[in-house]
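Reading through the structure tokens given below for one structure.
Quick note: the coordinates plus some simple rules give every number you see, no bench work behind them. Small disclaimer: the values here were computed from a predicted structure and weren't measured. Virtual Cβ from ideal backbone geometry, glycine too; neighbours counted across all protein chains shown.
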Amino acid sequence: MRKVITLLLGVVVCLPSAARAEKERKSPLTDAPVIRKRLELRDKRFEFGVGVGVTIGQDFYNALLVMPKLAFHFTDWLSLAAVGGYNVTPTWKSTFNGNVTDGLAQQSSFKSPSASDALGTMNHIKAVGLGQLEFIPLSGKIALLSSIFSYFDFYVLAGAGVVILDGPGTAVNCNNCQVYTATELTGNFGAGAHAFLSNYAAINLEIRDLLYKNNASGRDVNGDRVVNSFDVEWTNNWLFSLNLQFFAPFKAKISR
């Protein structure tokens with residue numbers, strides 16, 4: 001009986017100490033990163049480069065733009081970028097342009113302009129200047145042909161900027177038409193991706209919608225027989241770009 005009582009007392013005394021020791025014991029994985037020895041391709045790095053962009057579905061004139069880009073990545077998933085673009089093909093007519101002008105007479109009338117007057121009032125994108133915040137929810141590594149490996153990321157972007165609209169600069173003989181040239185504020189929304197060629201170079205794809213006001217035809221849209229700022233309408237303008245981008249510092253960090 002005395003042995004049983006001594007054993008019970010020992011258990012009662014040792015239990016709190018064992019529980020406290022279990023509580024104080026720390027796992028070697030506590031506070032450890034999810035991925036060890038990860039290549040930090042974006043965090044605290046500058047990104048710069050140049051490429052080309054092309055508009056999709058423009059009313060009268062397509063645009064092929066030279067597009068430089070500069071960005072800074074605050075973290076691995078958030079960056080701020082500035083993008084420019086200058087149109088090097090201001091006379092590149094869309095298919096719809098030809099469909100419209102082919103159906104117009106050589107002389108203007110009260111009901112419709114002549115083909116030359118219509119061409120003289122159709123505007124085009126001259127240049128763009130954009131700012132955007134980029135959120136990168138997805139990044140990783142992919143295998144190409146089971147032997148070539150490449151890092152990639154996917155991001156969504158949103159921001160604002162300006163679009164410079166210009167015309168052909170030809171004289172028109174039309175009462176109710178006037179080419180709309182202006183510098184318009186624009187929304188900038190889209191998505192993009194990087195495919196890394198090395199630790200400091202990547203191919204950058206972006207697709208964006210530029211949302212701004214325009215009167216692409218230079219015509220009296222609201223029917224008041226006057227062409228002015230009341231004839232502009234909100235338009236969606238899709239722009240696809242392909243850039244070669246470089247990252248600095250050129251040597252990427254490796255996480256612990």
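For the peptides 201-213, 69-81, the ranking by mean Cβ contacts within 10 Å, running from highest to lowest, is 201-213, 69-81. Per-residue packing, averaged as other Cβ atoms within 10 Å, sorts the ranges 57-68, 218-229 into the order 57-68, 218-229, beginning with the highest. Sorted into 5 angstrom bins from 0, the C-alpha pair distances of segment 39-254 split as 1, 7, 13, 17, 14, 12, 9, 8, 6, 5, 4, 2, 1, 0, 0 percent. Computed from backbone phi, the HN-Hα couplings of segment 224-231 come to 8, 6, 9, 9, 8, 5, 6, 8 Hz, rounded to whole numbers (Karplus: 6.51 cos²θ - 1.76 cosθ + 1.60, θ = phi - 60°; Gly and Pro given as x).
Here the Karplus curve 6.51 cos²θ - 1.76 cosθ + 1.60, taken at θ = phi - 60°, turns the phi angles of segment 134-144 into couplings of 10, 10, 10, x, 9, 8, x, 9, 10, 9, 10 Hz, with x standing for Gly and Pro.
Once the Cβ-Cβ distance of L144 and N222 is raised to the sixth power relative to R0 = 51 Å, the FRET efficiency obtained is 0.40. Each part reduced to its alpha carbon centroid, segment 57-91 and segment 163-221 end up 10 Å apart. Scalar couplings 3J(HN,Hα) for segment 42-57, obtained by applying the Karplus form with A = 6.51, B = -1.76, C = 1.60 to θ = phi - 60°, are 10, 3, 6, 10, 7, 10, 8, x, 8, x, 10, x, 9, 7, 10, x Hz; x denotes Gly and Pro.
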